[in-house]
1. Any idea which residue in segment A:44-59 is modelled with the lowest pLDDT, counting only those that are part of a loop (DSSP other than H, G, I, E, B) and surrounded by 15 or more Cβ atoms within 10 Å (Cβ to Cβ)?
2. When you look at A:LEU113, is it within 13 Å of chain B (Cβ to nearest Cβ), part of a strand (DSSP E or B) and touching a helix residue (DSSP H, G or I) at 6+ places or on another chain (Cβ under 8 Å), yes or no?
3. Do you know which of the residues in segment A:60-116 that are under 19 Å from A:LEU44 (Cα atoms), surrounded by 14 or more Cβ atoms within 10 Å (Cβ to Cβ) and among the acidic types (Asp, Glu) is nearest to the chain's Cα centre (by Cα)?
4. Evaluate segment A:60-67: report whether one residue or more is among the aromatic types (Phe, Trp, Tyr) and within 14 Å of chain B (Cβ to nearest Cβ).
5. Give me the pairs, please: first residue somewhere in segment A:79-91 and within 14 Å of chain B (Cβ to nearest Cβ) and in a loop (DSSP other than H, G, I, E, B), second residue anywhere and surrounded by fewer than 15 Cβ atoms within 10 Å (Cβ to Cβ) and hydroxyl-bearing (Ser, Thr, Tyr), beta-carbon distance under 7 Å, and either six or more positions apart or on two chains.
6. Among the listed residues A:LYS41, A:LYS20, identify the single one that is basic (Lys, Arg), surrounded by fewer than 17 Cβ atoms within 10 Å (Cβ to Cβ) and outside any loop (DSSP other than H, G, I, E, B).
7. Restricting to segment B:64-88, give me the number of residues that are farther than 22 Å from B:TYR33 by Cα and among the charged types (D, E, K, R).
8. Could you look through segment B:43-71, keep only residues that are within 14 Å of chain A (Cβ to nearest Cβ), under 26 Å from A:LYS41 (Cα atoms) and not charged (D, E, K, R), and pick out the one that is farthest from the chain's Cα centre (by Cα)?
Amino acid sequence: GAVVSQHPSWVICKSGTSVKIECRSLDFQATTMFWYRQFPKQSLMLMATSNEGSKATYEQGVEKDKFLINHASLTLSTLTVTSAHPEDSSFYICSAKNDRGNTEAFFGQGTRLTVV
Amino acid sequence: AQKVTQAQTEISVVEKEDVTLDCVYETRDTTYYLFWYKQPPSGELVFLIRRNSFDEQNEISGRYSWNFQKSTSSFNFTITASQVVDSAVYFCALSEDYRGSTLGRLYFGRGTQLTVWP
């Protein structure tokens, strides 16, 4: 149990295009999901907290219009990187918090985004 | 202010050596959780341990052991008889109270790159 699936695992896109990353909780419901970003040889930094049925909460310095988050169901949150640029190339990883009980958030496999 | 500090950026050891990865945290909450994750080159985060703030008992799991000391706000991780497969980046993380419930967002340290040579 407690599986979080993130798709795609890696993606290469052209500068100026948009990329959508999906985060699904496969066997539990998650009202809250978290999106992190990790630059090479750096730590994981929280970008935003995704809440089902309401707007995401973004961390300071993260552009809301560039990183669109949609949490339309209790098992799916999406992160869309709009008008991607090479500096957006990074490792993006999500985590989902099980609604039932006080358990930790479970991580997806991560998505490696390369913008060329 | 950094909530989780991993002062060791890189550590190299030879197989079979013991190695300790340091983690110091900072929080004002009385209830919190500490974690260690392993991140191999593929990128996924492999959960190793979770420890709540009320449980200071040390834990051992095979070659892995953890020493939690609230007095020094430290949660150190020791690998005994290291192996080449232990080579990875190891992250220490802290979860504070979030909307009345801990185990929400995580604050990560910068990670320690461990390289075990044959």
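1. A:GLU52
2. yes
3. A:ASP88
4. No, every residue in segment A:60-67 fails to be among the aromatic types (Phe, Trp, Tyr) and within 14 Å of chain B (Cβ to nearest Cβ).
5. Pairs found: A:SER89/A:THR114.
6. None of the other options fit; the residue is A:LYS20.
7. Residues meeting the conditions: 1.
8. That would be B:GLY43.
The values are calculated or read from the model by the stated rules, or taken from the named source; none is laboratory data. Here the structure is a predicted model, which is why all the values come from computation and not from measurement. Cβ atoms come from the backbone with ideal geometry, glycine included; neighbour counts cover every protein chain shown.
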